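Student: Structure incoming, see below.
Readers should treat all values here as calculations from the given coordinates under stated rules, not as data from a laboratory. What you see is a predicted model; the values in this text were computed from it and never measured. Cβ sites come from the backbone with ideal geometry, for glycine too, and all protein chains shown count toward neighbours.
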Amino acid sequence: MAENADVNAGVDAVIDAEVGAVEGAVEAADEAAVDWDWATAEEGDGEPRTELRTDVPHPARMYDYYLGGKDNFPADRAAAEQVVKLIPTVQDAARANRRFLGRAVRYASSLGIRQFLDIGTGIPTAENTHEVAQRLAPESRIVYVDNDPMVLTHARALLSSTPRGRTAYVDADFHDVDTILDAAAVKELIDFEQPVALLVVALLHFLPDSDDPFALLDRYKQALAPGSVLILTHGSSDHTPQEIRDAVTGIYQAGGITIATRTHDEIRRFGTSGDDGWELAGPGVVSINEWQAGDEPVGDEDLRLTRAEVGGYGVVAFKKS
Ligand SMILES: C[S@@+](CC[C@H](N)C(=O)[O-])C[C@H]1O[C@@H](n2cnc3c(N)ncnc32)[C@H](O)[C@@H]1O
């Protein structure tokens with residue numbers, strides 16, 4: 001009995017500590033949002049939103065959990081763990097997605113691109129776009145955009161630019177094309193007469209067909225100068241059995257998150273419809289872990305993964321005219 005009491009006391013202490021940590025994180029996050037520094041970044045849609053809704057899962061925080069981050073809450077972890085049970089390699093897939101982002105940004109930089117618009121940024125983690133780009137070219141300018149209040153609260157980590165470069169964060173939604181393209185930070189940091197790298201990495205599968213993500217993306221692509229590149233990844237069920245796909249979609253839906261995995265051909269259409277002046281770079285539309293271009297080979301961690309384990313495609317396309 002005494003032993004059981006000890007165990008229960010231990011469990012209670014762990015739960016108390018966890019609840020305390022979560023409450024502390026929410027408080028810190030809210031404070032950070034309230035302390036938002038209007039001088040260093042422009043907001044896309046007015047006041048920073050502080051409603052973190054920690055009781056329901058959020059895509060950015062579930063992804064943070066997959067990457068081993070600490071910026072997630074019990075609801076995020078519960079949903080993410082359900083996904084891990086169905087797809088045990090989802091964390092490897094998330095890491096492969098980050099490595100793709102690094103390779104693609106280095107490729108864009110090797111083409112001379114110095115301006116990056118990264119929509120669906122995610123919670124800051126290792127090798128954020130500005131860190132990769134500014135390591136190669138310190139003068140690179142990066143504008144991050146996300147619609148998740150949790151990302152907003154961490155935006156300062158995204159603003160740590162090299163002295164020669166610039167970074168900014170815009171709190172806005174991908175659907176609001178004009179809000180993003182007209183945001184003061186975008187206008188200040190991005191010269192649309194010059195080539196831009198537009199990143200929509202692991203974003204478009206959160207948009208159902210009814211939102212017409214193809215038309216929305218097209219509006220961004222049209223704003224870009226020749227020589228610009230589009231960098232994207234997208235979840236696909238081409239290599240996933242239907243019952244797993246349905247179960248995973250159900251987990252996200254239960255948390256109010258839409259997941260629209262798409263086929264190889266559909267994802268290719270995001271890159272180019274064939275006669276729109278855009279051309280695929282590198283190997284075309286391939287499994288995220290297989291995409292490479294230029295001199296940088298794919299590393300061993302990626303070579304070890306199968307297409308089914310990664311569950312998505314990577315695309316880099318460039319604008320010819
Ligand atoms: C899976 S994370 C990807 C993060 C990062 N791009 C990467 O690939 O490592 C998806 C991000 O997209 C953001 N997001 C989802 N829907 C969005 C929307 N409609 N507008 C802006 N951001 C969105 C989420 O908040 C989340 O931070």
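Student: Of 291, 130, 242, which is farthest towards the positive pole of the range 90-319's charge dipole, taken about the Cα centre with +1 and -1 on the beta-carbons of Lys, Arg and Asp, Glu respectively?
Tutor: About the Cα centre, the residue reaching furthest to the positive side is 130.
Student: List the trypsin sites (Lys or Arg not before Pro) within the range 145-198 that fall in a DSSP loop (any state other than H, G, I, E or B) and whose Cβ has at most 12 other Cβ atoms within 10 Å.
Tutor: In loop regions of the range 145-198 (DSSP not H, G, I, E or B), the sparsely surrounded trypsin sites (Lys or Arg not before Pro) are 164.
Student: Hey, can you grab everything whose amide H is under 5 Å from the amide H of residue 234? Only 5+ residues off in sequence or another chain; H modelled, so Pro and N-termini drop out.
Tutor: 202, 313
Student: Report the extension gain between residue 209 and residue 279 in nm, rounded to one decimal, defined as 0.36 nm multiplied by the number of residues separating them, less their alpha carbon distance.
Tutor: Full extension of this stretch gives 22.9 nm more.
Student: Tell me, what HN-Hα J-couplings in whole Hz come from the Karplus equation 6.51 cos²θ - 1.76 cosθ + 1.60 at θ = phi - 60° for each residue of the range 72-88, using x for Gly and Pro?
Tutor: Values per residue, Gly and Pro as x: 9, 10, x, 5, 5, 5, 4, 5, 5, 5, 5, 5, 4, 5, 7, 10, x Hz.
Student: If you take the charge dipole of the range 90-319 about its Cα centre, with +1 on Lys and Arg Cβ and -1 on Asp and Glu Cβ, which of 117, 189, 177 is farthest toward its positive end?
Tutor: Of 117, 189, 177, it is 189.
Student: Residue by residue through the range 215-222, which ³J(HN,Hα) values in whole Hz follow from phi under the Karplus form 6.51 cos²θ - 1.76 cosθ + 1.60 (θ = phi - 60°), with glycine and proline marked x?
Tutor: Using θ = phi - 60°, the values come out as 5, 4, 4, 4, 5, 5, 4, 5 Hz.
Student: Once a ≥ b ≥ c are taken as the square roots of the eigenvalues of the Cα gyration tensor of the range 90-319, is the result rounded (a/c under 1.5), prolate (a/b larger than b/c) or oblate (a/b not larger than b/c)?
Tutor: Note, shape of the range 90-319 comes out rounded.
Student: Between residue 167 and residues 5 or more places away or on another chain, which pairs have amide H atoms under 5 Å apart, with H built 1.01 Å from N, and which residues are they?
Tutor: HN-HN under 5 Å from residue 167: 142, 161.
Student: Compute the orientation-averaged projected area for the range 45-191 from the convex hull of its Cα atoms and round it to one decimal in nm².
Tutor: Reported value for the Cα convex hull: 9.0 nm².
Student: Taking the Cα centre of each part, how many Å lie between the range 248-294 and the range 188-237?
Tutor: 11 Å
Student: Determine, for 218, 182, 92, 64, the number of other Cβ atoms within 10 Å of each Cβ, and report the residues in order from fewest to most.
Tutor: The most exposed by this proxy come first: 182, 218, 92, 64.
Student: Can I ask one more? Could you give each residue of the range 243-256 its phi-based ³J(HN,Hα) in whole Hz, using Karplus coefficients 6.51, -1.76, 1.60 with θ = phi - 60°, and x for Gly or Pro?
Tutor: 5, 5, 4, 5, 5, 5, 4, x, 5, 5, 4, 4, x, x
Student: Can you list residues from other chains, or at least 5 along the same chain, whose modelled amide H is less than 5 Å from the amide H of residue 115?
Tutor: Counting only residues 5 or more places away or on other chains, the set is 141, 197.
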